[in-house]
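Okay, structure first, notes after.
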Amino acid sequence: MVAAVRESRDAVALQEAAFRPMHAPGRWFWPLFLVLGALVALAAVGYGYQLLSGLWVAGYNDTAFYGIYEANLVAFIGVSYGGALVSAVLRLTNARWRAPVTRMAEGMALVSLLVGAAFAIIHLGRPERIWLLIVSPQAASPIVWDAIAITTYLVATLIFLYLPLIPDMAFARDRLGPSANRLQRVFYRLAAAGWQGTPAQRRSLNWSVGAMAVLIIPLAITVHSVLAWAFSMTSRPGWHSTIFGPYFVIGALYSGVALVIVVVAAFRKAYRLEPYIGLGHFVSLARIMAVLGAVYLYFTFSELLTAAYTASHEEASIVAVLLEGSWAPLFWTFMVGGIFVPLALSLAPATRKVRYLVLAGLLAVVGMWLKRMLITLPPATAPLIGDVWGTVQLTWVAIALTLGATAAIPLGLMILFRFVPILALHEMEEVDAEGAPESAHDRAVAVEGVL
Amino acid sequence: MTVPPDRVDLVELPQAEDPARRMSRRQALLALAAAGSALAAGPLLAPLVQVHGESDPADPTHAGETPLPPRRWAMVIDLRRCDGCKKCTEACQAKHYLPPEQEWIKVYTVRDRTGVEVNIPRLCMHCEDAPCVRVCPVTATFVDRDGLVLVDQDKCIGCRLCMAACPYEARYFNWTEPKVKPPLPTKATPEYPSPQQRGTVGKCVLCVHNIKYGELPYCLEACTMDAIYVGDLDADVATNGTETVRLSTFLSENNAIRLKEELNTKPRVWYIPGHGEDLGW
Ligand code: SF4
Ligand code: SF4
């Protein structure tokens, strides 16, 4: 009897927490919203200027025809991929601790994918002709593969976010207060898609979520491999490499899990979700991240060694500029700050604290962005005839667009969680019902995390 | 003019004895075609000569002509003669109204592995298996009937993947509105892409707008060293405006090479080394 009362009190608290961003976002919400919105607006101004004047305002020239936009494209789509995969893999392996973080991971996957895909358009010289990709595509072009892969993956990400959301939307539909307006009622009624929680509905939902989790893995791998192939299908030294597909995939996963850690930590703090997300979650995520980081390190080493060893003049010159030439400071910053330090912070017992793990995630995210610049720029500026390297400029337009895109991720998530619950309510309840022991353990870890 | 015994590659031109013929170099390809006829490729080339014999040179549209015969255009650059003066670049830029940073023919002065300094004019190789054509997502880069690689700037979306794919750095992008424009408003075509369009790629068109009609490429016309030859692989002749050669013999006698042969792009541009330079960089 007493236990039942406590259970229901827990359930009410959980419901309140899941919907907290909707009804009580906190005093920080609007100021932060304005700051992030201003950054996005600045990016829009920059892009408008670029449309009027041409791509040179983003620092491009013939000796550096690819640069920061292409790096952003890979980086933002990469983190999206990580978000989707974390939640898919954790679902498939039935990791129970996943339940409170899947919603945020999936939301992050969607928002960052939209931002990443925007760069596919931003980097074009003639964005208004993008429809030609549909009416006269050339099947042999990696860019056409890219366009197909990214749009398919976008649809899949939307479905993957939406399916587990249905019961939660039904929950919202049934609890709308008297103050709710017509629009809200219609929105939640449509979004709930007639969910009543019948056993048949539950079964088919579980099946669909499982199927999507299976489907999204090859899809996500495809997207990032194809993105890598756009580079490696050229004969440029530094790009023309057989490991580029898997190399990009692992890099995407590594940075994606890292960003999940950062996003979860930020929203946990902002919306006081500590009772549901504890140190245990961060430790588990950080371990996954560390494994991926180690694999990425291995790929990096193997790529550089193969390129340098046979001393083909062109390949070796790329390795040389990375290890000891003009790009060396950035490369070693990445190696230390983007790989070794995050790995150490994630694995060392002494740093098993939320703030260190978040720092590790943050370093990995920024480090991997830097790595994408290092993947893009040296080969794009390398001389194919003669020995004069191209020059790169960093302009305010490129910086504004990059900052704006970065700001768009938290902004998009803040908006998203104004409409959908931040915690996967239904999933958490189901997982709780499935196995009490682990949830008790989770709670214990959670308490530890708060302390 | 009789062919010197040590120049088996030279072709005797029917009307090539006038030393002042450099004045009429624009006629050279006509002569080339005529030489071709004399050389057994005859029927193939005859229509070109006829067409230009009959058509009104003042009619720039070439309307009402019989279709031109198919060609396999090629170019040969004699590195023994190139002194790196860049007159070719200047002429190309002036006549195609290009900004200084777009060097459709660019003279690289490189030191090879043996330490010899060599000038290499690089233009678009008009690769038979062109990577740039393969990667273009919207078929804006295409191969014309005669094997020339051209860009339709009305179609190009500006993705620049072709720049990444070209192994010869032959492609340029219009990062800004073209500052130089033709004095008269002209309609740009893939064959004569002037003025260039902002946000699209441009590159050497091998002056197809000239050679098709029996005139010479601008770079060739401007070359004071007679280092540049243009010709037709099928008719097996090429000319530098001064002398006309049997292309296959000229290439094999002089150990002509193509750049980055190992990539199997099958360039239509050959180079004749001659200073003993090692071009396998
Ligand atoms: S040289 Fe470059 S631009 Fe020209 S056809 Fe070959 S790949 Fe294309
Ligand atoms: S830049 Fe233009 S020509 Fe080049 S691949 Fe893209 S669309 Fe084709």
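The values are calculated or read from the model by the stated rules, or taken from the named source; none is laboratory data. Everything quoted here is computed from the prediction, not taken from an experiment. Cβ coordinates were reconstructed from backbone atoms using ideal geometry, including for glycine residues, and neighbour counts include every protein chain displayed. Surface areas here come from the heavy atoms of the whole protein model, side chains and all, with no ligands, DNA or RNA. Shrake-Rupley method; radii C 1.70, N 1.55, O 1.52, S 1.80 Å.
Could we say that residue A:433 is away from every other protein chain (no Cβ under 14 Å), at pLDDT 85 or above, farther than 22 Å from residue A:22 by Cβ and out of contact with any strand residue (DSSP E or B) (no Cβ under 7 Å at 6 or more places or on another chain) here?
no
Mind counting the residues in region A:288-325 that are buried (at least 16 other Cβ atoms within 10 Å of the Cβ) and not aliphatic (A, V, I, L, M)?
Of the residues in region A:288-325, 8 are buried (at least 16 other Cβ atoms within 10 Å of the Cβ) and not aliphatic (A, V, I, L, M).
Scanning for something more than 14 Å from every other protein chain (Cβ to nearest Cβ), over 30 Å from residue B:161 (Cβ atoms) and open to solvent by less than 70 Å² (accessible area, probe 1.4 Å), does region A:212-223 turn up at least one residue?
So far as region A:212-223 goes, yes, one or more of its residues are more than 14 Å from every other protein chain (Cβ to nearest Cβ), over 30 Å from residue B:161 (Cβ atoms) and open to solvent by less than 70 Å² (accessible area, probe 1.4 Å).
Is one or more of the residues making up region B:177-188 within 14 Å of ligand 1 (Cβ to nearest atom) and touching a residue at least 60 places away in the same chain (Cβ under 8 Å)?
No, that holds for no residue.
State all residues of region B:108-128 that are more than 8 Å from ligand 1 (Cβ to nearest atom) and away from chain A (no Cβ under 12 Å); if no residue qualifies, say none.
B:114, B:115, B:116, B:128
Looking at (1) of a type in the set (Phe, Trp, Tyr); (2) open to solvent by 10 Å² or more (accessible area, probe 1.4 Å); (3) in a helix (DSSP H, G or I), which is the only condition residue A:389 fails?
If we test residue A:389 against (1) of a type in the set (Phe, Trp, Tyr); (2) open to solvent by 10 Å² or more (accessible area, probe 1.4 Å); (3) in a helix (DSSP H, G or I), just (3) comes out false.
Give me the helices (runs of 4 or more DSSP H) completely within region A:52-166, filtered to those with at least 3 residues that are facing chain B (nearest Cβ under 9 Å), of a type in the set (A, V, I, L, M, F, W, C) and within 16 Å of ligand 2 (Cβ to nearest atom), ordered by residue number.
Counting at least 3 such residues, we get A:132-135, A:142-162.
For residue B:251, work out the one condition from (1) assigned to a loop (DSSP other than H, G, I, E, B); (2) buried (at least 19 other Cβ atoms within 10 Å of the Cβ) it doesn't fulfil.
So residue B:251 meets the others, but not (1).
Residue by residue through region B:119-173, note down the ones that are within 10 Å of ligand 2 (Cβ to nearest atom), in contact with an Asp or Glu (Cβ under 7 Å, 6 or more places away or on another chain) and either open to solvent by 10 Å² or more (accessible area, probe 1.4 Å) or among the hydroxyl-bearing types (Ser, Thr, Tyr) (or both).
The answer is B:142, and nothing else.
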